[in-house]
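Single-structure report; data block below.
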Amino acid sequence: MGKRIVLVLLAVMMFAGIAVNQVAYASTDGGEGINEKLGVPIVVYGDTLTEEQEAEVRELLEVGSDEAIDEYRVNGQDIANYIDGNPDSRMYSSVKITPREKGEGLEVNLVTPDNITQVTKEMYANALLTAGVEDAKVDVASPVKVTGHSALTGIYKAYDVQGVKLDEDRMGVASEELDVATKLAEQAGIDKEKVSELFTEIKKEIAAQDPATKEEVEQIVDEKLKSLNIELSPEDRQLLTDLFDKIRSLDINFDALQKQLDEITSGIKDLVNDEGFWNSIINFFKSIFQAIADLFNSIFK
C-alpha cells in the first residue's frame, strides 16, 4: 500500500508540473524578444513613489530586472512644463510605452483601473491621438488612487527624452482635451464612457466633414450631443466647441485619425476577456484532473 501511495503522489506532482508549464507556455508563447527596429519599451515612474511602491509598479507593468528597457522619472516640474500643471504636484501615475509598427495603431491599457479615478483609457487614447502619439502600446498604473492626469506628462516626457519631438500646440490641446473630458464627467455629471464616446464621435465627424469654420464645428458638436442624448449647459457646449475648433485647426492627418478613432470605438480585445482562451485553460485542467482520477482508479482497483 505504501508504494502505491508514493506512486500516486509522484503522479500528482508530475501532472501538476506539466499543468504549470503548459499554462506558463500559453501565457508567454509568441514573444518576439527585443524589436531592434523599433527600440526597447520606455517606463516613466512618478517621482513621488516610495521604493516599495516603485517595486509594486514595476511588477504591475511587468518590468523584469533583466529586461531591456529605458527608465525615467517624472516630477512636478515636468507636469508644469508639459501640461501647465502645478509644479508641487505629487506624482504617482507611471507608464510603460512599447513602440509598435507604423499602422498598428494605439492601444491604451489601465493596469490599475480602480486607482485611475477620472481618466478612462479611451480618454487617454483620444488625447494621445490629438498630441500625435499613434503607434504604441501604453500601459498606465498607479499604486494609489489618483485622477490620472500626470500619466500624460510621463508619456510626453518619454517621447521627449527619446528625441521624438511632439508638436507643442498639439500637446497643449491634448492636455486641454483631457481637462475638458474629466470636467464634463466630474462636474456635468456625464458618465465617463459617454464622454469618451462623445469625443470620439465628434472627432470622427470632423475627420469625415473637414469643417472649415468654427460654426461648422459647433453644428457637429450640437448634432452629436443630440444623437447621443446628452444635455449640456450653454457654457459647457461652448467649451466643447472651442476645444474642437482648436483640434480642427491643428495639423492633423484626419484620414489617419479616422482609422484610429474607429479602433477606439470598436474597443480593444483583452486576453482576460478572451472567452476562448479561458475555455481552453478550463478544458486543459479538466483533462488533467480526469487523468489523475483515472490513475487513482487503476492503482486501487
Residue that is part of a helix (DSSP H, G or I), among the aliphatic types (A, V, I, L, M) and either surrounded by 12 or more Cβ atoms within 10 Å (Cβ to Cβ) or at pLDDT 90 or above (or both), where the choices are Val221, Val272: Val221
Failed item in (1) surrounded by 20 or more Cβ atoms within 10 Å (Cβ to Cβ); (2) in a strand (DSSP E or B); (3) charged (D, E, K, R); (4) touching a residue at least 60 places away in the same chain (Cβ under 8 Å), with Lys96 passing the rest: (4)
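Give me the residue from region 109-158 that is polar (S, T, N, Q) and touching an Asp or Glu at 6+ places or on another chain (Cβ under 8 Å) and, out of that set, farthest from Thr50 (Cα to Cα). Give the steps one after another, and end with the answer.
Taking region 109-158 as the starting set, the residues that turn out to be polar (S, T, N, Q) are 109, 112, 115, 117-118, 120, 126, 130, 142, 147, 150, 153.
Pick out the ones that are also touching an Asp or Glu at 6+ places or on another chain (Cβ under 8 Å) and you get 109, 118, 120, 126, 130, 153.
Numbers: Asn109: 23, Gln118: 23, Thr120: 25, Asn126: 31, Thr130: 32, Thr153: 19 Å.
Looking at residues that are polar (S, T, N, Q) and touching an Asp or Glu at 6+ places or on another chain (Cβ under 8 Å), I get Thr130.
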Scope region 182-196; condition more than 20 Å from Leu152 (Cβ to Cβ) and surrounded by 15 or more Cβ atoms within 10 Å (Cβ to Cβ); matching residues: Ala188, Ile190
Flag if Ser175 is hydroxyl-bearing (Ser, Thr, Tyr), assigned by TED's automatic domain parsing to the domain that holds Tyr72 and within 20 Å of Arg58 (Cα to Cα): no
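Take Gly148 and decide whether it is farther than 19 Å from Leu261 by Cα, surrounded by fewer than 17 Cβ atoms within 10 Å (Cβ to Cβ) and in the same structural domain as Glu71 (by TED's automatic domain parsing).
Working: farther than 19 Å from Leu261 by Cα: yes; surrounded by fewer than 17 Cβ atoms within 10 Å (Cβ to Cβ): no; in the same structural domain as Glu71 (by TED's automatic domain parsing): yes.
The answer is no for Gly148.
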Selection status of Pro113, over 19 Å from Arg248 (Cα atoms) and in contact (Cβ under 8 Å) with a residue 12 or more places away in the chain: no
Selection count, region 172-203, where residues are in contact with a Gly (Cβ under 9 Å, 6 or more places away or on another chain) and within 19 Å of Met91 (Cα to Cα): 3
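The values are calculated or read from the model by the stated rules, or taken from the named source; none is laboratory data. Every value quoted in this text rests on a predicted model; they were computed, and no experiment measured them. All Cβ positions, glycine included, derive from the backbone under ideal geometry; neighbour counts span all protein chains shown.
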